[in-house]
Amino acid sequence: MQKIIKQFPVLSQYTYVNTATSGLLYDGLLDWRQEHDLDFLIGESKMKMKGQLLISETRNSIGKFFGCKAENVALVPNFSIGLNLLLEGMEATRNVLLLDGDYPSVNWPFETRECSTYYLKVTDTLEENIYDRIKKDNINVLALSLVQWLNGIKVDLEFLRNLKKDFPDLVIIADGTQFLGTDIFNFEDSGIDVLGASSYKWLLGGYGNGFLLFAEDTHSKFKCRSTGFNAADGDMEAKEKVSFAKQFEPGHLDTFNFGSLNYSLGFLSDIGMDNIAEQIKRLSVKAKGELENLGMLEESVIKRKEHSSIFNIPGDKELYDKFMEHDVVCAQRGNGIRLSFHFYNTENEIDKIMGILKRS
């Protein structure tokens, strides 16, 4: 792992515990990007014409990485655009259950439309409460982040699978931006109808690329209207034959951005998602134990059986500034300071952070 960590120059200068805000650029991806633009500089439009092959390869890579058929993968600039395009095709009569305090780009698109919205607080009994509310309020759409951006509470994926079995007509829409890239995941076995993500965090794909994954029968639950020449693959005769996933790709896609994601999926695959998941879990368990001992975690986090590697601790600007003085890069979120650990972090870095907290 130390050899891999050396690919991230920032880590030689800082303790970077801020992947929940943005993943890091690394040497291999920088080299690929420079070669890509050099090819564009020399090859001009001929290189871009061949770019369709790279876009297709990226779609296939996403499908293979997350267990989804390539034809059910839509490439979008980011999760927010993808979700808004999807909701343009959703019936206004839907009863939607949202999580209180979830990421704004999850909740706001529903709130600005004519559907009925219901809210649920995120507590240690989150899954049980979701189940009860779905029965009580005749909920037919559940929309949530798999990992909460503020405190890192992670939804039990087994619960979602069973929820779908008990409520087969329930449409589950999930944001995986703070989850995908931290653990092994198979979409087709998840029970989720639509899973979207931006790729610039844990997937290390950089900005300007994201995707939506669709279950087989999703097209029957939405009537989306977006279209364009790219959706028909540049075929003048295919206007009426655009697939559901391609409706989310009305215009040209950037080979630089999506090629970056494709490269990073290969990079993560080479490391092995089992190795990445194991390292992140090790860091999460250690950080949770240490922070709990310091009395810095909320009860809803402490009582959860399994937690992500995102933690929010009490702290004001003074503590944040102290972290920065010690070259610890983190983020002020909500009423505290958010720390997030990826596979390139180490247990020694957690010890350093705990030392700063104990001296504060």
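Listing for the model above:
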| item | result |
| --- | --- |
| Surface accessible to a 1.4 Å probe, per residue, for the residues of the chain, Å² | 47 |
| Over the range 210-360 - Rg/Rh using Cα atoms and the Kirkwood inverse-distance radius | 1.15 |
| Rounded to 5, the percent of DSSP beta bridges in the range 30-168 classed as antiparallel | 10 |
| With every protein chain in place, the range 209-360: carbon and sulfur % of accessible area (1.4 Å) | 48 |
| Positive minus negative residues near residue 18 (Lys, Arg vs Asp, Glu; Cβ under 11 Å) | +3 |
| Greater than 23 Å apart at Cα, pairs in 3/317; 6/50; 46/69; 223/246; 121/154 | 3/317; 6/50; 46/69 |
| Residue 316 - accessible surface, heavy atoms, 1.4 Å probe, Å² rounded to 10 | 90 |
| Antiparallel content of DSSP bridges confined to the chain, in %, to 5 | 50 |
| Positive-end residue of 182, 152, 89, charge dipole of the chain with Cβ unit charges | 152 |
| Debye intensity ratio I(q)/I(0), log10, the chain, q values 0.12, 0.13 Å⁻¹ (C-alpha model) | -0.92, -1.07 |
| Rounded Å value of the spacing that divides the Cα centres of the range 282-360 and the range 176-253 | 34 |
| Candidates per GluC sites (Glu not before Pro) in the range 160-252, loop by DSSP, up to 16 other Cβ within 10 Å | 216 |
| Qualifying trypsin sites (Lys or Arg not before Pro) for the range 87-161 [loop in DSSP, other Cβ within 10 Å: at most 11] | 121 |
| Residue 156 accessible area, 1.4 Å probe, all protein chains in place, Å² to nearest 10 | 70 |
| Dipole-positive endmost among 38, 218, 336 within the chain (Cβ charges, Cα centre) | 336 |
| Protection proxy ranking of 8-14, 338-344, 72-78 - average other beta-carbon atoms within 10 Å, highest first | 338-344, 72-78, 8-14 |
| Computed helical MRE - 222 nm, the chain, DSSP H runs ≥ 4 contributing -39500 (n - 2.57), nearest 500 | -12000 deg cm²/dmol |
| Set of aspartates and glutamates near residue 303 by C-alpha distance (under 16 Å), chain-local residues within fewer than 8 positions excluded | 124, 127, 128, 156, 290, 292 |
| Accessible-area order (highest first, 1.4 angstrom probe) of the listed residues 149, 202, 108 | 108, 149, 202 |
| Inter-label distance for residue 156 and residue 294, nm, one decimal - labels placed 7 Å from Cα along Cα-to-Cβ | 3.0 |
| Heavy atoms of residue 27: accessible area, 1.4 Å probe, square angstrom to 10 | 60 |
| Span from the the range 148-162 Cα centroid across to the the range 1-32 one, whole angstrom | 27 |
| Within-11-Å neighbourhood charge of residue 146 [Cβ basis; K, R +1; D, E -1] | -3 |
| Cβ charges +1 (Lys, Arg) and -1 (Asp, Glu), total dipole of the chain, debye | 220 |
| Approximate spin-label separation residue 12-residue 274, in nm, with each point projected 7 Å along Cα-to-Cβ | 3.3 |
| Linear extension gain, residue 132 paired with residue 41, 0.36 nm per residue minus alpha-carbon span | 27.0 nm |
| Distance (nanometres) between label positions extended 7 Å along Cα→Cβ at residue 71 and residue 53 | 2.4 |
| Rounded percent of accessible protein surface that carbon and sulfur make up, the range 1-122, 1.4 Å probe | 55 |
| Fluctuation leader among 54, 283, 83 - the chain, Gaussian network, Cα springs under 10 angstrom | 54 |
| Loop GluC sites (Glu not before Pro), the range 114-146 (other Cβ atoms within 10 Å of the site Cβ: 15 or fewer; DSSP) | 114 |
| 1, 236, 90, 354, ranked by accessible area, largest first (probe 1.4 Å) | 236, 1, 90, 354 |
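The values are calculated or read from the model by the stated rules, or taken from the named source; none is laboratory data. Computed from a prediction, not measured in an experiment: that's the story for all the values here. Please note: Cβ atoms are built from the backbone with ideal geometry, for glycine as well, and neighbour counts cover all protein chains shown. Protein only, heavy atoms only, side chains kept; ligands, DNA and RNA dropped before computing areas. Shrake-Rupley method; radii C 1.70, N 1.55, O 1.52, S 1.80 Å.
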